[in-house]
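Report on the following structure.
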Amino acid sequence: MMFKFIKKYIYKMKFPLHCPACNQEMTVVKLHCESCQTEVTGRFALPLFMQLDADEQDFILQFLLDSGSLKEMANKMGKSYPTVRNKLDELIEKVKSLQV
């Protein structure tokens, strides 16, 4: 039971995108397998989705779960449709800029 709690807690932690000391972009340098303890080191680029902040990731996930219905999202969020549409437009522009 304790392992489930720890696992749930670990996966709820947000991945740091910026250094807490100097605020520069972080780089992944090690991956670890919990099953066999294998480690792979190097310099790995973050997937595009991981470059978004937690609120942006949550917005995209909710967009998918609501089958792309901004009206449904607006109702669930208690916001107007234009507000949600503007948020989506901002995210689209951010994703485009990260793809460059």
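Every number here is computed from the coordinates shown, using simple stated rules; none is lab data. Just so you know, these numbers come straight off a predicted model, no measurement behind them. Don't worry about glycine lacking a Cβ; one is built from the backbone with ideal geometry, like all the others, and counts go over all protein chains shown.
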*When the helices in the chain are scored as -39500 (n - 2.57) per DSSP H run of 4 or longer and the sum is shared across all residues, what 222 nm value do you end up with, to the nearest 500 deg cm²/dmol?*
-15500 deg cm²/dmol
_Gyration tensor (alpha-carbon) shape descriptor, the chain, a/c threshold 1.5_ = oblate
*asked:* Full-extension gain between Leu64 and Met77, please, as 0.36 nm times their residue separation minus the C-alpha to C-alpha distance.
replied: 3.2 nm
*Could you check which residue among Glu25, Glu34, Glu56 shows the biggest mean-square fluctuation in a GNM of the chain with a 10 Å Cα cutoff?*
Glu34
*Take the cross-link list Lys14/Lys94; Lys71/Lys94; Lys30/Lys96 and give me the ones stretching past 24 Å between alpha-carbons.*
Lys30/Lys96
*Could you tell me which of rounded, prolate or oblate describes region 48-99, using a ≥ b ≥ c as the square roots of the eigenvalues of the alpha-carbon gyration tensor, with rounded for a/c under 1.5 and, failing that, prolate when a/b is larger than b/c and oblate otherwise?*
prolate
*Ranked Val29, Val84, criterion: other C-beta atoms within 10 Å, fewest first*: Val29, Val84
